[in-house]
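Engineer: Would you mind keeping the following structure in view while I ask a few things?
Quick note: the coordinates plus some simple rules give every number you see, no bench work behind them. This structure is a prediction, so every number in the text was calculated from the model and none was measured. All Cβ positions, glycine included, derive from the backbone under ideal geometry; neighbour counts span all protein chains shown.
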Amino acid sequence: MNIKESKLEGCFILEPKVFEDKRGYFFESFNQNKFNDLLGYQINFVQDNESFSSKGVLRGLHYQTGEHQQAKLVRVISGKVLDVVVDLRKESKTFGQHFSVELSSKNKKQLFVPRGFAHGFVVLSDTVIFTYKCDNFYNKESEAGIIYNDSNLGIDWLLNSNEIIISQKDTQLPSFENARL
């Protein structure tokens, strides 16, 4: 597995070694020892989540606060998304900056999102199956988010606003400036 650091410190793109032949393909999607060696510190994932969505669905920007913050390892099983993270770590030199990467079943890339980041994705294919590992359990009281179209963040979601499908709950999220950090 190859690992590349994004422009946001601690946020990595992982590219597995894929073995293909006439039968199909095989790759190791996760190995705890190799993953920890690549990161240089220990991560213990405790919860796996999966979602199915249609083209244009935007989920995010979400995060957990306080002791319930979550690091995530995300990937696409089927389809294609634009995955976006925003650095919420006030002490970070990239605080308030965002990074995006296309994740797909074709490129098999994964994104490691450390604690202290908001995360979201928009579906670029007809449908997508999206999965993520979390290093902390979900806690409803610690749930927080930032509105996806915050003008100060200036995220290009690659779709026109009329193509984006967002939950009523996510339309009520605060701006970055007013977010609970």
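Engineer: Keeping to the range 34-71, report how many residues are more than 22 Å from ASP156 (Cβ to Cβ), surrounded by 17 or more Cβ atoms within 10 Å (Cβ to Cβ) and among the basic types (Lys, Arg).
Structural biologist: Total satisfying the criteria: 0.
Engineer: If you check every pair at least six apart or on different chains, which have Cβ atoms under 9 Å apart with a residue in the range 22-46 that is farther than 20 Å from CYS134 by Cβ first and a residue that is among the β-branched types (Val, Ile, Thr) second?
Structural biologist: Partner pairs satisfying both residue conditions: TYR25/VAL18; PHE26/VAL18; PHE27/VAL18.
Engineer: Can you pull out every residue in the range 1-27 that is part of a strand (DSSP E or B) and more than 14 Å from GLN110 (Cα to Cα)?
Structural biologist: So in the range 1-27, the residues part of a strand (DSSP E or B) come out as 2-5, 12-15, 19-21, 24-26.
Those that are part of a strand (DSSP E or B) and more than 14 Å from GLN110 (Cα to Cα): PHE19, GLU20, ASP21, GLY24, TYR25, PHE26.
Engineer: Further question: Give me the pairs, please: first residue somewhere in the range 144-160 and over 23 Å from GLN70 (Cβ atoms), second residue anywhere and in a loop (DSSP other than H, G, I, E, B) and among the acidic types (Asp, Glu), beta-carbon distance under 9 Å, and either six or more positions apart or on two chains.
Structural biologist: ASN152/GLU177
Engineer: Would you please list the contacts, defined by Cβ atoms under 9 Å and residues six or more apart or on different chains, that run from a residue in the range 59-79 that is in contact (Cβ under 8 Å) with a residue 24 or more places away in the chain and within 11 Å of SER142 (Cα to Cα) to a residue that is in a strand (DSSP E or B) and of a type in the set (Val, Ile, Thr)?
Structural biologist: Taking only residues 6 or more apart or on different chains, the pairs are TYR63/VAL86; GLN70/VAL113.
Engineer: If you don't mind, there's one more thing I want to ask. Among PHE30, PHE95, PHE112, which is surrounded by 14 or more Cβ atoms within 10 Å (Cβ to Cβ), aromatic (Phe, Trp, Tyr) and assigned to a strand (DSSP E or B)?
Structural biologist: PHE112
Engineer: Evaluate the following for ASN44: is it in contact with a helix residue (DSSP H, G or I) (Cβ under 9 Å, 6 or more places away or on another chain) and either within 12 Å of LEU73 (Cα to Cα) or part of a loop (DSSP other than H, G, I, E, B) (or both)?
Structural biologist: Numbers: in contact with a helix residue (DSSP H, G or I) (Cβ under 9 Å, 6 or more places away or on another chain): yes; either within 12 Å of LEU73 (Cα to Cα) or part of a loop (DSSP other than H, G, I, E, B) (or both): yes.
Answer is yes for this residue.
Engineer: Further, regarding this structure: Could you run through the range 70-92 and say how many residues are outside any strand (DSSP E or B) and touching a strand residue (DSSP E or B) at 6+ places or on another chain (Cβ under 8 Å)? Full working, then the answer.
Structural biologist: Initially, the range 70-92 is screened for residues outside any strand (DSSP E or B), giving 70-71, 79, 88-92.
Those left that are additionally touching a strand residue (DSSP E or B) at 6+ places or on another chain (Cβ under 8 Å): 70-71, 79, 88-89.
So the count comes out to 5.
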